[in-house]
1. Taking the mean number of other Cβ atoms within 10 Å as a proxy for protection, how do you rank A:170-182, A:148-160 from highest to lowest?
2. Counting only Cα atoms, I'd like the Rg/Rh figure for segment A:102-200, Kirkwood definition for Rh.
3. Suppose we keep just the alpha-carbon trace of chain A; what are its Rg and Dmax in angstrom?
4. What ranking do A:332-345, A:420-433 get when scored by the average of other Cβ atoms within 10 Å per residue, highest first?
5. Using the count of nearby Cβ atoms within 10 Å as a rough guide to exposure, how do A:415, A:125 rank from fewest to most?
6. For residue A:102 and residue A:124, FRET efficiency with R0 = 41 Å and r from the beta-carbon atoms, rounded to 0.05?
7. Which of the three applies to segment A:501-570, rounded, prolate or oblate, going by the alpha-carbon gyration tensor with a ≥ b ≥ c and a/c under 1.5 meaning rounded?
8. Indicate the gyration tensor shape class of segment A:1-127 (rounded, prolate or oblate), computed on the Cα atoms with a ≥ b ≥ c the square roots of the eigenvalues: a/c under 1.5 is rounded; otherwise a/b larger than b/c is prolate and the rest oblate.
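What follows draws every value from the coordinates through simple rules; no lab data is involved. All values reported here derive from a predicted model rather than from experimental measurement. Here Cβ is always computed from backbone atoms with ideal geometry, including for glycine, and neighbour counts include all displayed protein chains.
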RNA sequence: CGGGGCGUAGCGCAGCCUGGUAGCGCGCCUGCUUCGGGAGCAGGAGGUCGGAGGUUCAAAUCCUCUCGCCCCGACCA
């Protein structure tokens, strides 16, 4: 592509709304433009990169035996009602009605549609296993779209679904997808790790997230440097042990003005872990009290799973006051009526605890679980912290940040059951199909690649997903130079490289700056300095190294460089 | 949805407090000179100051409502 004909609107300054590097650089380099909150137009450069990622996805998924389909965006409500998600998915689901008042939604994911398809078409064990995927626009009315293409309301996602006869088969499909994903992200030039994850609203029993390590990531991950264990903090198990403690008798103490754990802890001159936080939640409409040691944070995902609830939220002040008959800050398990109490396992049989007394300005000391109050369920309820013991090897965990670019789930029969996706085995017996589902955020992968590969001048594309491999830069736009550039352009194109030619009548500095911003892996500079010796300068974006190569050798030289890089990274 | 902030030329911003001529930098157009890391000079185009109401002789500026956007939290690829 020649710059003079191209649509590459680069910007010197990033729009004020862009917060993270990838967003800024995508806007500045002319890849994307915003239409509305979380809704973006892909310009030619952005589209090229996205297409390259999609191509890698197709190659690797096809290689693993999956087949591409294309499912409708417009989904009838009826299907979603069958699985119960019309209600469960909530406000995130974009709903609409047609002229006959029939209800539809725009697909935020496609378990319903694909399972319905398979339920209709698959009869026999001979049809299994089956693995289908699509690359398509998804719609989710995110509460808070942000970071450009990283969390949009309309975005491109690759979603795939596997269908197997049984658990064993499903596990094998899952493993194949993990392998495919590993190849995909490696080819995209990303440093990533597959971490254990919570299976969330989609449901299911087992899942991994593919996280690209980046300080701007929205996810916190626990990582063990010793055995390699990695998990989303939401999922990362914590087993707390509180120090032994005699306890003493239950006693109500006047604690004026002490609301927070710090204040109460200071009041009694006792360490925070002897305090117990009692947090009141509304879980699917029912009040629940969750107790955790005072020095810890509650993990809402774990709480939700423990309660087997669809939706939980922290009770508001009014509700808390109603339930505890006191101001906010004095909730405790002793004498708390009509509320289910769950607690972190560390509290089981524990004595000498300081808890709220459900009376303004009063706390109990010397409370003992099992004696002064009873808990209906114990579970791991806290958020993992830096230094916690690794569940694999007991070494200290560290906390890192990551961007979730992919997610693999073992779904089980959740959808195949509600949509009646079954098959007959060799003996004619009917079984429910066992499913898995696998997602990759395509735009997010592109953004993550930028987060990991950039410098102060702009993007440094990994060669396999660069919009163009080489940018030819004539220093002077005169006939002699342009003739050489055109020659190089043609031979590179016929060698199969993606090549840009900056034939604009601009000063060289402008071209260099744009080339660095856009992030072409190589610049081929054709100018008087090199031409004196009959040579072209090849400059690597990544290393900044410059090589002088004879004009007639430049094409094959570049071709070798690029090919080598594509292969080594693949 | 709760908390914080912002809407003035394509982009980045000033002006608003204390009402009275709409400004700066970049970009864009024309010309000349330049030409190896975002050139210089000269000339020029471009703005219903997010929208609606109100106060006032007079509103970008004050008041009310509204729409949009961004940041912090719960959701997720």
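1. A:148-160, A:170-182
2. Checking Rg against Rh, the ratio lands at 1.01.
3. Considering chain A through its Cα atoms, Rg and Dmax are 29.1, 96 Å.
4. Details: A:332-345: 18.4, A:420-433: 14.4.
Most protected by this proxy first, the peptides run A:332-345, A:420-433.
5. On the way: A:415 27, A:125 17.
Lowest count first: A:125, A:415.
6. Values: r = 34 Å, r/R0 = 0.83.
So the FRET efficiency works out to roughly 0.75.
7. Values: a/c = 2.18, a/b = 1.21, b/c = 1.80.
Note, shape of segment A:501-570 comes out oblate.
8. Working: a/c = 2.85, a/b = 1.58, b/c = 1.81.
Because a/c hits 1.5 or more and a/b fails to exceed b/c, segment A:1-127 counts as oblate.
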